[in-house]
Amino acid sequence: MQSSPSLPDESVSAIAQATPAARYAGFWIRVVSSLLDLVLIFIVQFPMRMLVGSMTTILGEDWQMPTPKIFFMNRIARIGMAILLVWLYRAGMESSHFQGTLGKLAVQIKVTDLEGNRISFERATGRHLAKFLSALSLGVGYLMVGFTLQKQGLHDRIAGTRVLYR
């Protein structure tokens, strides 16, 4: 039986130095990142919500006392706008060359695929949608970050992503 050729010790050492071990971002740093994003989204969304609210109220017969129909349209428009804004912000930023939202950039973490590469907009969208499952599980999907080896939440496992330090 022939033994396989081995690399010289210098080559093994050089390879190990060229490929640093991934540092997974844990639960609390991701919470801080999410809180920063929440503040930013609120700041951007607030004037937009006021504009949408004003426009739907103006459509009503009596702008001082909107009808239930106008009130309902107002709520639906605001909720729809919020969902669209958050999705485009998260999926767009996480699939961009930044590899993360502004909150993630602030705490020096990024979203990657399982090989450490930038994710596509489609994968970022899947990750965003999978966060609803993490939330619907009474937050257990988010808490998984603190208890898995690669610090993956349910949404990360579903989307095939990891969150790493830069």
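Scanning the stretch 130-166 for residues that are under 18 Å from residue 28 (Cβ atoms), small (Gly, Ala, Ser) and in contact with a Gly (Cβ under 6 Å, 6 or more places away or on another chain) yields 134, 141, 153.
Look through 101, 112 and report the one residue that is surrounded by 14 or more Cβ atoms within 10 Å (Cβ to Cβ) and touching a residue at least 60 places away in the same chain (Cβ under 8 Å). Give the derivation first.
Numbers: 112 fails: touching a residue at least 60 places away in the same chain (Cβ under 8 Å).
Step by step, each of 101, 112 is checked, and only 101 is surrounded by 14 or more Cβ atoms within 10 Å (Cβ to Cβ) and touching a residue at least 60 places away in the same chain (Cβ under 8 Å).
If I filter the stretch 76-90 for residues that are modelled with pLDDT under 95, basic (Lys, Arg) and surrounded by 15 or more Cβ atoms within 10 Å (Cβ to Cβ), do I get at least one hit? Within the stretch 76-90 (the criterion being modelled with pLDDT under 95, basic (Lys, Arg) and surrounded by 15 or more Cβ atoms within 10 Å (Cβ to Cβ)), the answer is yes, since at least one residue qualifies.
List, please: which pairs have Cβ atoms under 7 Å, are six or more places apart or on different chains, and start with a residue in the stretch 138-165 that is touching a residue at least 24 places away in the same chain (Cβ under 8 Å) and end with one that is acidic (Asp, Glu) and not in a helix (DSSP H, G or I)? What qualifies is 160/113; 161/113.
In the stretch 115-123 there is at least one residue matching the filter, namely being β-branched (Val, Ile, Thr), in contact (Cβ under 8 Å) with a residue 40 or more places away in the chain, touching a strand residue (DSSP E or B) at 6+ places or on another chain (Cβ under 6 Å) and under 19 Å from residue 25 (Cα atoms).
Scanning the stretch 125-166 for residues that are surrounded by 14 or more Cβ atoms within 10 Å (Cβ to Cβ), in contact with a strand residue (DSSP E or B) (Cβ under 7 Å, 6 or more places away or on another chain) and either in a helix (DSSP H, G or I) or of a type outside the set (S, T, N, Q) (or both) yields 127, 151, 156, 160, 162, 163, 164.
Only one entry in 50, 73 is out of contact with any strand residue (DSSP E or B) (no Cβ under 7 Å at 6 or more places or on another chain) and either at pLDDT 95 or above or loosely packed, with under 12 Cβ neighbours inside 10 Å (or both), namely 50.
The values are calculated or read from the model by the stated rules, or taken from the named source; none is laboratory data. No experiment lies behind these values; they were computed from the predicted model shown. We place every Cβ from the backbone using ideal geometry, glycine too, and count neighbours over all the protein chains shown.
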